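Single-structure report; data block below.
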Amino acid sequence: MSGFGISPKAEVVAALGSLLNPRSPEQRVFNTAHRAAFEQWLTAHPAARDLLGASFRQSRPGVPGWIADYLADPADVPDPTFDHEVALIAGLTDDDLRTDLLETTGAPLTRHLLEPGVRDVAIEVVRWLWTHTVETDWPRRERILRADVVARTAQLAWHGWAAVLRDLGRDREWDGDGHLRINRYDLPARTLPPNARLTFVPTHADGSWVGWRDERYAVYYPVAGRLASVDAAQAEGLGALIGANRALVLALLDVPRSTSQVSALSGLVLGSVGSHLRILLGSGAVTRRRSGREVLYWRTALGDALVASGS
């Protein structure tokens, strides 16, 4: 059985990616906003720092990267709550966690990870990341994730899994005879039992990963809606409040974007976009941050409220 699902814990993993190894402009903005608090918390919790150090293995030629199972394990329901996914981690033992971390890192565990309570450290890490970096943004994230699921479910109905998988990450494809290819590594194939459930989970991460436990399997993939253009009807309603073009610019800033990106997505000339951004910035509806050579803009809570009022 296969289908799509949403995972709050997967958004925690996406947040970790932005904090530990930011690549895209959006991840760098996220990193700038949360890294200092994250580092301060890790300094006060050395066991948590050691846990995260053992939770990821970087890929290298011929050797796949790896995410610890406690982060990648699929939930036992299609759309779990965050607390439900934390409860699944709580069902593990300290020895389960150590076995997981040893397999992931391939190196001896630190003293902190050999002490009692490593399972509780894992729960604390996941809860801190959720509470401090994801939870307040979850309603927006969830809307984007669910829109992606709706779109891909429609694509599945019309064109089948082969068409859907082409967009779910590099090397994702049906390889004939019911085989699903997820990478190009020379690894043994895994045969799913007849009662297995395979869930495809969109995330706000830049990369993709897989996870499994018992009869539950998941493929996590980057959500397409991260960079989707704004709904025209929403922008039209907001336009009655602040003007059509400025409303369009503000609505496009649900994620960090540069002036040139907003110009390309809106069809407005660069100078006009810059003028609207200055007014929105001065009013407190957007904020900005330099990322490399670019300046990225995104909505504040006031900007979100304006968009919501016009939708």
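A few notes on this one:
- For the stretch 87-110, the set of residues classified as surrounded by fewer than 19 Cβ atoms within 10 Å (Cβ to Cβ) and either β-branched (V, I, T) or within 18 Å of A15 (Cβ to Cβ) (or both) consists of T93, T99, T105, T110, listed by residue number.
- Only residues that are in a helix (DSSP H, G or I) and either surrounded by fewer than 17 Cβ atoms within 10 Å (Cβ to Cβ) or at pLDDT below 95 (or both) were counted across the stretch 73-86, and they come to 2.
- Residue match in the stretch 81-91 (condition: closer than 23 Å to G207 by Cβ, of a type in the set (D, E) and touching a residue at least 12 places away in the same chain (Cβ under 8 Å)): yes
- Qualifying residue in the stretch 223-241 (condition: closer than 28 Å to V12 by Cβ, surrounded by 14 or more Cβ atoms within 10 Å (Cβ to Cβ) and at pLDDT 60 or above): yes
- When the stretch 270-294 is filtered for residues that are more than 21 Å from A308 (Cα to Cα) and touching a Leu at 6+ places or on another chain (Cβ under 9 Å), the ones remaining, listed by number, are R289, R290.
- Leading residue by the ranking (modelled with the highest pLDDT) among those in the stretch 1-25 that are open to solvent by 30 Å² or more (accessible area, probe 1.4 Å) and of a type in the set (A, V, I, L, M): L20
- Taken over the stretch 247-279, the residue count meeting the criterion of being free of Cβ contacts under 8 Å to residues at least 60 places away in the same chain, over 27 Å from R23 (Cβ atoms) and crowded, with 17+ Cβ neighbours inside 10 Å is 3.
- Among residues of the stretch 1-41, those that are over 22 Å from D137 (Cα atoms) and touching a helix residue (DSSP H, G or I) at 6+ places or on another chain (Cβ under 9 Å), counted: 2
- For the stretch 26-49, the candidate set comprises residues that are modelled with pLDDT of 90 or more and open to solvent by less than 40 Å² (accessible area, probe 1.4 Å); within that set, the residue that is farthest from the chain's Cα centre (by Cα) is A47.
- Residues of the stretch 111-140 satisfying the condition of being at pLDDT 85 or above, open to solvent by less than 60 Å² (accessible area, probe 1.4 Å) and more than 18 Å from A90 (Cα to Cα): H112, T133, V134, D137, W138
The values are calculated or read from the model by the stated rules, or taken from the named source; none is laboratory data. Since this is a predicted model, take the numbers as computed values, not measurements. Every residue, glycine among them, receives a Cβ derived from its backbone with ideal geometry; neighbour counts consider all protein chains shown. Calculation scope for accessible area: heavy atoms of the full protein, side chains included, ligands and nucleic acids excluded. Shrake-Rupley method; radii C 1.70, N 1.55, O 1.52, S 1.80 Å.
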